[in-house]
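S.K.: Submitted below is the structure of interest, expressed as structure tokens.
Where a number appears in this text, it was derived from the coordinates with a stated rule and is not lab data. All values derive from a computational prediction rather than experimental measurement. Methodologically, a virtual Cβ is constructed for each residue, glycine included, from the backbone with ideal geometry; neighbour enumeration extends over all protein chains shown.
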Amino acid sequence: AKSHPQHRTEIALTDSISVGGEALFIIGGPCTVEDMAQMETVATHLLNAPVQGLRGGAFKPRTSPYKFQGLGEAGLEILATVRQRYELPVVTEVMAIDQIDAVAAHADLLQVGSRNMQNYDLLKALGQAGKPILLKRGLAATLEEFIMAAEYILSHGNPNVVLCERGIRSFDTYTRNVLDLGAVVALKQITHLPVIVDPSHAAGKRELVPALARAAVAAGADGLIVECHPEPEASVSDARQALSLPAMVELVNSLRPIAAAV
Ligand code: PEP
Ligand code: MN
């Protein structure tokens, strides 16, 4: 990923939507796919925001094994239906090699979560997935480690990797993580890959998300991935950081003048 910073990788997801080009690539949606009605409501509200991608976890990497682990294949079916109905690219996490085929069949961008950033066998296998990968920075990964993780995917045959800064661990617990915007600026300078930002998992609190999202765009991010939910407080996971759908639409609208200025 380090070789040609002056040449930029642009990844086309559909005829009109790409990551790493002129236009911002905004992904919105809940942490977890809960049911069809939830995803339909999200899609109808966000389609005209507009967002360019819909997120929702079917396989969830939960800190506690006693918490809901996601709908799995049933969640993928819901995503597939919504993807077709609204013609919106879908982003969802793949946690294990044996999930790759199923996730690749239904998603446009395969997410590797922070906890798996250095799962090298998974990264190697994703080199052959035939779909673009969204690689999230590890909880305490250096930029060198992050870039080398991307290299595992690239060197195994998949040139389409999007890097995602999602906050790193530090000493303060007021925010869930610390959003490292310096990393966004640096990654744009030293790699040719698109770089997007997840302000939701960085902040952990919804009232911090819009301003961090705007700061990320001002810092040169190619896009954002933001958690939002029809009933934020009722989210089965990450409720505290979920934006309402109107707040998400308002955020998307506020990004236009900033994107135009950078
Ligand atoms: C997520 O995007 O739902 C997620 C689990 O994020 P992360 O891997 O960054 O914690
Ligand atoms: Mn989440």
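S.K.: Give the Rg/Rh ratio for the stretch 25-160, taking Rg as the radius of gyration of the Cα atoms and Rh as the Kirkwood radius, to two decimals.
M.R.: With Rg and the Kirkwood Rh in hand, the quotient comes to 0.97.
S.K.: So what's the gap between the Cα centers of the stretch 218-233 and the stretch 170-213, to the nearest angstrom?
M.R.: Cα centroid to Cα centroid, the span is 11 Å.
S.K.: Moving on. In which sequence would Lys136, Lys131 go, from the one with the fewest C-beta neighbours within 10 Å to the one with the most?
M.R.: Starting with the residue having the fewest Cβ neighbours, the order is Lys131, Lys136.
S.K.: Which order do the peptides 172-184, 147-159 take when ranked by the mean count of other beta-carbon atoms within 10 Å per residue, highest first?
M.R.: 147-159, 172-184
S.K.: Order by neighbour count: Ser235, Ser254, Ser114, fewest other Cβ atoms within 10 Å first, most last.
M.R.: The order, fewest Cβ neighbours first, is Ser254, Ser235, Ser114.
S.K.: Starting from 0.36 nm per residue, how many nanometres of slack lie between Leu139 and Glu231 once their C-alpha separation is accounted for?
M.R.: Extending this stretch completely gives an extra 30.3 nm.
S.K.: While we're looking at this one, here's another question. Of the beta bridges DSSP finds with both residues in the chain, what % are antiparallel, to the nearest 5?
M.R.: 10 percent
S.K.: What FRET efficiency, computed as 1/(1 + (r/R0)^6) with R0 = 41 Å and r the Cβ-Cβ distance, is obtained for Glu22 and Ala96, rounded to the nearest 0.05?
M.R.: 0.70
S.K.: Still on this structure, I have one more. So what are the three principal axis dimensions of the stretch 171-244 from its Cα atoms, in whole Å, longest to shortest?
M.R.: 40, 28, 18
S.K.: Ranked highest first by average number of other Cβ atoms within 10 Å, how do 204-214, 20-30 line up?
M.R.: Highest mean packing first, the order is 20-30, 204-214.
S.K.: Give me the tail of P(r) for the stretch 110-262 as a percent: Cα-Cα pairs with distance above 28 Å.
M.R.: So the pairs more than 28 Å apart make up 20 percent of the total in the stretch 110-262.
S.K.: While we're here: What value, in deg cm²/dmol to 500, does the helix sum -39500 (n - 2.57) over DSSP H runs of n ≥ 4 give at 222 nm once divided by the residues of the chain?
M.R.: Theoretical 222 nm ellipticity from helices: -11000 deg cm²/dmol.
S.K.: In vacuo Debye scattering of the chain, one point per C-alpha: log10 I(q)/I(0) at q = 0.08 Å⁻¹?
M.R.: Here the Debye-derived log intensity ratios amount to -0.26.
S.K.: How charged is the neighbourhood of Asp238? Take every other residue with its Cβ under 15 Å from the Cβ of Asp238, and add Lys/Arg as +1 and Asp/Glu as -1.
M.R.: Net charge in that neighbourhood comes out at +4.
S.K.: Then there's this: Work out the length of the dipole vector of the chain about its Cα centre, built from +1 on the beta-carbon of each Lys and Arg and -1 on the beta-carbon of each Asp and Glu, and round it to the nearest 20 debye.
M.R.: Once rounded to the nearest 20, the dipole reads 520 debye.
S.K.: Further, regarding this structure: Would you please calculate the Kirkwood hydrodynamic radius of the stretch 66-129 over all C-alpha pairs and express it in Å, rounded to one decimal?
M.R.: So the Kirkwood estimate lands at 12.4 Å.
S.K.: Counting Lys +1, Arg +1, Asp -1, Glu -1, what net charge surrounds Ala102 among other residues with beta carbon under 13 Å of its beta carbon?
M.R.: It works out to a net charge of -4.
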